[in-house]
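The values are calculated or read from the model by the stated rules, or taken from the named source; none is laboratory data. Owing to the predicted nature of the structure, the values given are computational and were not obtained by experimental measurement. Neighbour counts are summed over all protein chains in view; Cβ atoms, including those assigned to glycine, are modelled from backbone coordinates with ideal geometry. To get the accessible areas, we keep the full protein, side chains included, count just its heavy atoms, and leave off ligands, DNA and RNA. Shrake-Rupley method; radii C 1.70, N 1.55, O 1.52, S 1.80 Å.
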Amino acid sequence: MRLSLRLMIWFLTIMPFSFFYGISTFVFFIMYYILGYRKNVVCKNLKNAFPEKSKEEIKYIKREFYKHLADYLVEAVANFHMKISDFDSRYKLTNTEILDKYASEGVNVILAPGHYGNWEWVSYLVLKINFTCVAIYKEQSNKFVDDLILHSRGKYGLLLHQYNDAYKYLLNNRDKTPICLYFAADQRPAKNAKVPWVNFLNQPTAAFRGLDSLHRKTKGVVLYVHNRKIKRGFYEVEFRPLNNPGEVDMVPDLTNRYFKALEDNIKEDPRFYLWSHNRWKFTPSPVEALTNE
């Protein structure tokens with residue numbers, strides 16, 4: 001089975017982009033029309049996030065989301081064979097000078113994207129910024145899939161650590177070269193975890209404490225990674241500061257600032273957020289709701 005998958009991935013890596021997007025169209029048809037992949041979750045999320053939108057608008061966003069999800073899946077595979085010139089033309093970083101400034105000043109940086117647009121091409125950042133680059137990732141239960149992710153994202157020198165390991169890495173290296181940490185903070189925490197609740201897309205949302213905790217250790221600056229999908233296979237990324245270097249105690253805190261920036265990004269074009277993720281599976285208890293008012 002693994003050998004078959006490796007051969008299939010090898011075959012895909014030698015194909016041109018036009019071939020990938022032909023596959024994407026087929027994947028969209030299967031997910032949307034045949035399997036109905038997580039359609040109930042997608043519909044619920046969209047209706048709750050945008051109660052002001054009509055049924056026709058929700059249906060349009062839903063269908064376009066599935067097209068984008070299919071694109072994202074094939075782009076994740078394309079990552080295995082993409083050349084630097086491919087990244088240069090398809091994944092435009094608009095203001096890396098802000099990162100050059102922080103690197104020259106020895107300021108640590110946390111890049112905080114959401115699951116919007118294409119977050120898989122993060123490996124490319126290593127080639128464009130003057131930091132030791134670390135990304136937090138969640139280990140996959142399937143060892144083969146986990147190895148593929150580590151290879152794909154780490155091929156240019158990006159260091160990948162699970163959350164606790166990344167935390168230890170920061171503690172051991174905070175007085176050395178400046179670090180750029182990549183952390184998508186919009187995942188759903190465990191059900192029984194004691195977490196803050198924020199107002200995100202018209203509903204109470206459980207949030208990781210990790211962004212604030214990691215920032216307190218780096219004492220640097222957090223940049224929201226604002227992503228735009230220009231057209232199929234082409235993205236534009238802008239780095240937007242959420243605080244000033246060294247600023248630790250903030251009102252609102254970084255978690256709230258992050259979710260506000262992500263919400264603004266989504267509202268620009270809702271089609272490209274990961275609506276199939278059951279982000280709002282849990283609701284706050286009365287005590288949690290009262291605590292977070």
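Assorted remarks:
- Within the range 194-221, being open to solvent by 40 Å² or more (accessible area, probe 1.4 Å) and more than 26 Å from Leu125 (Cβ to Cβ) holds for Lys194, Asn199, Asn202, Pro204.
- If you go through the range 180-193 and keep only what is open to solvent by less than 30 Å² (accessible area, probe 1.4 Å) and closer than 13 Å to Phe282 by Cα, you end up with just Pro189.
- Positions within the range 35-62 being open to solvent by less than 60 Å² (accessible area, probe 1.4 Å), of a type outside the set (Val, Ile, Thr) and under 12 Å from Trp280 (Cβ atoms), in sequence order: Asn45, Leu46, Ala49
- Hey, Ala166 within 20 Å of the chain's Cα centre (by Cα), surrounded by 21 or more Cβ atoms within 10 Å (Cβ to Cβ), within 30 Å of Pro284 (Cα to Cα) and modelled with pLDDT under 80 or not: yes
- The number of residues in the range 63-88 being in contact (Cβ under 8 Å) with a residue 60 or more places away in the chain, within 15 Å of Phe29 (Cβ to Cβ) and either open to solvent by less than 30 Å² (accessible area, probe 1.4 Å) or of a type in the set (S, T, N, Q) (or both) comes to 4.
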